[in-house]
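Heads up, the thing below is written out as structure tokens.
The values are calculated or read from the model by the stated rules, or taken from the named source; none is laboratory data. Predicted model only: the values in this text are computed from it and were never measured. For neighbour counting, all protein chains shown are included, and Cβ atoms are generated from backbone atoms with ideal geometry for every residue, glycine included. With ligands, DNA and RNA removed, areas are computed over all heavy atoms of the protein, side chains included. Shrake-Rupley method; radii C 1.70, N 1.55, O 1.52, S 1.80 Å.
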Protein chains: 2
Amino acid sequence: MASQRPPAAPQANSHPPLTAQDSLGISAQTQLRPIEEIGAELGLGQEEIEPYGRGVGKVDLAAIQRLAGRPQARFILVTAITPTPLGEGKTTTAVGLSQGMARTGRRAAVAVRQPSLGPTMGIKGGGTGGGWSQVVPMERLNLHLTGDIHAVTAAHNQLAAMVDNHLHRGSPSGLDPERVSWRRVMDVNDRSLRQIVTGLGPAGGGPTANGPLRQTGFDITAASEVMATLSLARSLEDLRARLGRIVVGSTPEGELVTAEDIKAAGAMTVLLKEALRPNLLQTVEHTPALVHCGPFGNIATGNSSVVADLIGGRATDYLITEAGFAADIGAERFFNIKCRLSGMTPDAAVVVATVRALKVHSGRHRVVAGKPLPEGMLGESPEDVLLGAENLRAQLRIIRRHGVTPVVAVNAFPTDFASEHEVIAQVAAEEGARCALSTHFVEGGAGAAELAEAVAEAAEEPSEFRFLYPEEAPLTEKIETIATQVYGAEGVDFSPAASTALAAFTEAGYGHLPVCVAKTHLSLSSDPALKGAPSGWRLPVREVRLSAGAGFVYPICGTMQTMPGLGSAPAAENIDIDAEGNPRGLF
Amino acid sequence: MASQRPPAAPQANSHPPLTAQDSLGISAQTQLRPIEEIGAELGLGQEEIEPYGRGVGKVDLAAIQRLAGRPQARFILVTAITPTPLGEGKTTTAVGLSQGMARTGRRAAVAVRQPSLGPTMGIKGGGTGGGWSQVVPMERLNLHLTGDIHAVTAAHNQLAAMVDNHLHRGSPSGLDPERVSWRRVMDVNDRSLRQIVTGLGPAGGGPTANGPLRQTGFDITAASEVMATLSLARSLEDLRARLGRIVVGSTPEGELVTAEDIKAAGAMTVLLKEALRPNLLQTVEHTPALVHCGPFGNIATGNSSVVADLIGGRATDYLITEAGFAADIGAERFFNIKCRLSGMTPDAAVVVATVRALKVHSGRHRVVAGKPLPEGMLGESPEDVLLGAENLRAQLRIIRRHGVTPVVAVNAFPTDFASEHEVIAQVAAEEGARCALSTHFVEGGAGAAELAEAVAEAAEEPSEFRFLYPEEAPLTEKIETIATQVYGAEGVDFSPAASTALAAFTEAGYGHLPVCVAKTHLSLSSDPALKGAPSGWRLPVREVRLSAGAGFVYPICGTMQTMPGLGSAPAAENIDIDAEGNPRGLF
């Protein structure tokens, strides 16, 4: 643990100084290594890497079979404490840790999600990682990459068009136009599409008629069940079967109608065939990065894909991956949904903490996205950090409850004080967890060397991984277990609608599915205003929905926005090409 | 000219026999040559070809500058007589001709449009060419290729989201919510999206509000003005400027509001940066194929891109390209819109004719898409062909009117009779045009050798290319010139709305733009039922719209569908993966 303010200037053998918001510049000046060379480091043959533009390749799924006999990599999850709305650098830490592993002489790869175009154009510019811990080429990564998200949009909306056409043609399945739950998707922040009416204009059966008049809407593509399904499929055949199971609505009698009934699942699979292959890129330090899928953390797993893990898990010595939001949400889903499906179990979990987020968890400060940090947060205050560390303790215990060894990564900022870092180290020690300071943003892998050593040690401890609940537990019990043992709730209050839905899903044969609780990521509780480790509260389950294709049931606790809007000054307004034709404003 | 029924079985030194609808099979068994090798045949360096999956590359636009000093290729347009709803094989002929040029010892490349996903899933399966005259890999070509169409969707809808957000934020430009003309697009056949209402749900200015309540709709992406703009841009800077000129609506006073006013054009350009680079593929005989853009022939140019022509025009000896629909529509727009922009002038134009279409033009038969040909059309009838040849004569004269040398290509079918082919040859001779029988579908380039020789001869005649109208002619005069001199109308009837719009566009400074008349492609006239070369009719212009970004004004004559619907048995229902994970049902 460093005992002084972390260095703002880089050390010898490190990168040139970072100017603020210079991630795009760093990416642009990175000399990309041919992607086949990066693949070769993973033991992938030329024929298993199909190049998609410079520095980007798609990995053939046949690699899963071919590598099956090789030893399993150490599997490291990167998760976090409950973040501020600014985010605490989880992706950056995952990328930096993979670079740090390489700097300390280890073979490693990182598996991360693909950023969504909507937020890139909406809020902030994009990025997978940042500074000297990012995946490149950043421009491609943040725009269309290899088109996977667009393929999800196409497959999702192909099903929607076939559903409305099915209704237009007399609904042979008996699907009730008023009970269609399948919406449409687009990868854009567009609040006007949240609630729409379709099928206006000429009605009837003729060629100029416009189909059934219905109220429906659009979600952002990341929130598509097709995206969640793609991220959880183990193979093309598995994807085909899962897509067929997607429920699009029901008959007036409540019989569920699926994509298979609509005869759309085959075409959807063909549309997704390329998208199922993980994308191989590199970090700014030329270590391998698998970038694949971007399921919405709000209502889906928020993890990168199972196939990327299956390939990466046999292709290197340390596979580092991240899960959306804090450990209560992302890690819990990673353990109980994704690991259950992939059969891969984690050897250690990094919990990213920042001084600023811990100060917020003291309850004494409030951070608002898009505004500067409040003055009161900038002074030296180990007391605030200690108060807020209750959140860190709770998140570490969530990891421990699954039998996984946690490591605290302090994502250092130039505004931090050494005394504040020391408090974090002390809390980690009290919880029996290793702790390391990481300055990967400004120093790249060299700044994450200490973290890499700590993680490598932790990963050698014997694994005692266990699921939080068995598959056969009733759905209500699964939800109660997560609420009480992970979130720290005293119990769960199911609305009548939620209880009815849970009974219906169980009756229809979906009782064995895991649950993916949709709640705010800004608190361990379901109330975003409650910081630290709230107690004395109950989890309100307003409604419950089914993702039969992805393979989970998701209870909704609070209001969940599945289509973002644009702000008063969207990022897109500042995005343009410069005189040389290069994009600017992407970060 | 063959004097017997064309051979159904292939000749020596040709391809194995074709089973019906075997285009996907032919594509699948084609051993792709590395795309860098195809690029090398065009004189493109490795650094100018970025591979995007096996057998697909994107060409760097810097090649335009680098090749500028090289001699201009012979530039050959492939167009057609007025087709039946089945199409008469224009793309197949263009591809086959480029293969035929190679078979006869000439360097050649073909530049074609990218197929749209909507129709691929909707009507027919896809295809760029077919049989032994197609571009491969067909699966990639018909699905997402390099994502260009998806990029157009993203750029178009990014502007739409910013328009609604602009209104939501109080419309600083004064844009009137009731005068927004910018719709949204999606690459799917979905009639339910033709007319919709957006912005339902909570109103007002808060974060949960959904934006202005408006009636609007979706078009298929091919119909996007962004697609037309992309196809006509000469460079990235030109694209940026054109996107900024796109008109999204007007103020209550009629002031036009542009994408520049909405501050969206920069982000749109960045989203389209990769899509502006033409895709390089190969034919089944490994000759180069530039595949780029797919503007909707109904309301836009229906030609492939200007940048593909600018590259191909200096990279080979014969550049063959196609234009949508018949010569009256596709060739006229190619000559007067695209050639005006690219500065490239054609050396010859192939007019594709089929016995079946000429029989329909006799007025004695009727062909319906999706149904077998009527019995009466299958017998030997040179008389019907002669009667219908009036359409061929008219289309040849349209080519001549632009000073271009026409060549008739008889796209032979196994059901044709030699006597019928002889009639076509005789009519061509009467019109002073070369004529060749082509069996490229079943025989590949070998079947197009005779056509290649005829085209090469025609291209050596001195070029007297001329535009049909000068830029400075008034918009009404341009429309009248096209109607009378190309379509054979006696005059034009402008509706009051059309006259008002023409006056307003002229007043607003758009009077210099060329016009892109939107009329049926199933007749030389504006009435799809009138076959042959109709006379004694007037062109009714119902309304006139502006594509200020693409750079043309488009009068609408009749009803134009810009979002197809799905049929009672969509092609997608039969698309699936087989046991080996390969797509089936795409053709």
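Structure above, values below:
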{"quantity": "Inter-copy separations for A:Thr251, label at 7 Å along Cα-Cβ, nm, ascending", "calculated": "5.9"}
{"quantity": "Considering only segment A:478-556, percent of DSSP beta bridges that pair antiparallel, nearest 5", "calculated": "45 percent"}
{"quantity": "Unit charges at the beta carbon, dipole of segment B:153-262: most positive-side option, B:Val257, B:His168, B:Asn157", "calculated": "B:Asn157"}
{"quantity": "Principal-axis tilt of helix A:306-315 within chain A, Cα atoms, nearest 10 degrees", "calculated": "40 degrees"}
{"quantity": "Ranked by how many other beta carbons lie within 10 Å on average, peptides B:264-270, B:90-96, A:273-279 from highest", "calculated": "B:90-96, B:264-270, A:273-279"}
{"quantity": "Protein accessible area in segment B:475-556, 1.4 Å probe - carbon and sulfur %", "calculated": "53 percent"}
{"quantity": "Shape call, the protein assembly as shown: gyration tensor on alpha carbons, a/c limit 1.5", "calculated": "prolate"}
{"quantity": "Segment B:21-136, dipole about Cα centre (Lys/Arg Cβ +1, Asp/Glu Cβ -1), debye to the nearest 20", "calculated": "340 debye"}
{"quantity": "Percent of Cα-Cα distances greater than 19 Å, calculated over segment A:478-556", "calculated": "35 percent"}
{"quantity": "Stretch gain in nm, segment A:Thr208-A:Glu453, where the contour uses 0.36 nm per residue and the Cα spacing is subtracted", "calculated": "81.5 nm"}
{"quantity": "Approximate spin-label separation A:Ser463-B:Thr415, in nm, with each point projected 7 Å along Cα-to-Cβ", "calculated": "6.4 nm"}
{"quantity": "Over chain B, relative contact order from alpha-carbon pairs under 8 Å, at least 6 apart, %", "calculated": "22 percent"}
{"quantity": "Summed buried accessible area for A+B [probe radius 1.4 Å, Å², rounded to 100]", "calculated": "6100 Å²"}
{"quantity": "In segment A:392-470, trypsin sites (Lys or Arg not before Pro) in a DSSP loop with at most 14 other beta-carbon atoms within 10 Å", "calculated": "A:Arg466"}
{"quantity": "Three-way shape label, segment B:293-409, alpha-carbon gyration tensor, a/c 1.5", "calculated": "prolate"}
{"quantity": "Antiparallel bridges, percent of DSSP beta bridges restricted to segment B:153-262 (to nearest 5)", "calculated": "70 percent"}
{"quantity": "List A:Ile556, B:Ile123, ordered by accessible area with a 1.4 Å probe, largest first", "calculated": "B:Ile123, A:Ile556"}
{"quantity": "FRET efficiency, A:Gln561 to B:Arg401 (Cβ-Cβ, R0 51 Å, nearest 0.05)", "calculated": "0.30"}
{"quantity": "Shielded residues, segment B:216-253 - accessible-area loss of 10 Å² or more between chain alone and all protein chains, probe 1.4 Å", "calculated": "B:Phe218, B:Leu236, B:Glu237, B:Arg240"}
{"quantity": "Segment A:Ser171-A:Glu380, length gained on full extension (0.36 nm per residue, minus Cα span)", "calculated": "68.6 nm"}
{"quantity": "Label 7 Å beyond Cα on the Cβ vector: B:Glu460 copy-to-copy distances, nm", "calculated": "8.1"}
{"quantity": "Segment A:148-272, dipole about Cα centre (Lys/Arg Cβ +1, Asp/Glu Cβ -1), debye to the nearest 20", "calculated": "140 debye"}
{"quantity": "Calculated SAXS-style log₁₀ I(q)/I(0) at q = 0.14, 0.21 Å⁻¹ - segment B:153-262, Debye, Cα scatterers", "calculated": "-0.59, -1.19"}
{"quantity": "Computed over segment B:338-407, the ratio Rg/Rh where both radii use C-alpha atoms and Rh is Kirkwood", "calculated": "1.13"}
{"quantity": "Derived scalar couplings ³J(HN,Hα) [segment B:135-146; Karplus, 6.51 cos²θ - 1.76 cosθ + 1.60; whole Hz; x for Gly, Pro]", "calculated": "8, 10, x, 5, 4, 4, 4, 8, 9, 10, 6, 9"}
{"quantity": "Low-density loop positions, trypsin sites (Lys or Arg not before Pro), segment A:336-372 - DSSP coil, at most 16 other Cβ in 10 Å", "calculated": "A:Arg364, A:Arg366"}
{"quantity": "Label point 7 Å beyond Cα along the C-beta direction, distances from A:Thr506 to other copies (nm, shortest first)", "calculated": "7.6"}
{"quantity": "Carbon + sulfur, % of accessible area of segment B:92-149 - ligands and nucleic acids excluded, 1.4 Å", "calculated": "52 percent"}
{"quantity": "Label-point separation in nm, A:Ala241 to B:Glu422, each point 7 Å along Cα→Cβ", "calculated": "6.5 nm"}
{"quantity": "Shielding by other protein chains, B:162-170, mean Cβ within 10 Å", "calculated": "5"}
{"quantity": "Overall Cα dimensions of segment A:159-222 - principal axes, largest extent first, Å", "calculated": "34, 24, 17"}
{"quantity": "Chain A shape via C-alpha gyration tensor axes, a/c threshold 1.5", "calculated": "prolate"}
{"quantity": "Accessible area per residue, Å², chain A with all protein chains present, probe 1.4 Å", "calculated": "33 Å²"}
{"quantity": "Percent carbon-and-sulfur accessible area, segment A:266-328, ignoring ligands, DNA and RNA, probe 1.4 Å", "calculated": "45 percent"}
{"quantity": "Placed amide H near B:Ala548: partners under 5 Å, 5+ positions off or other chain", "calculated": "B:Val247"}
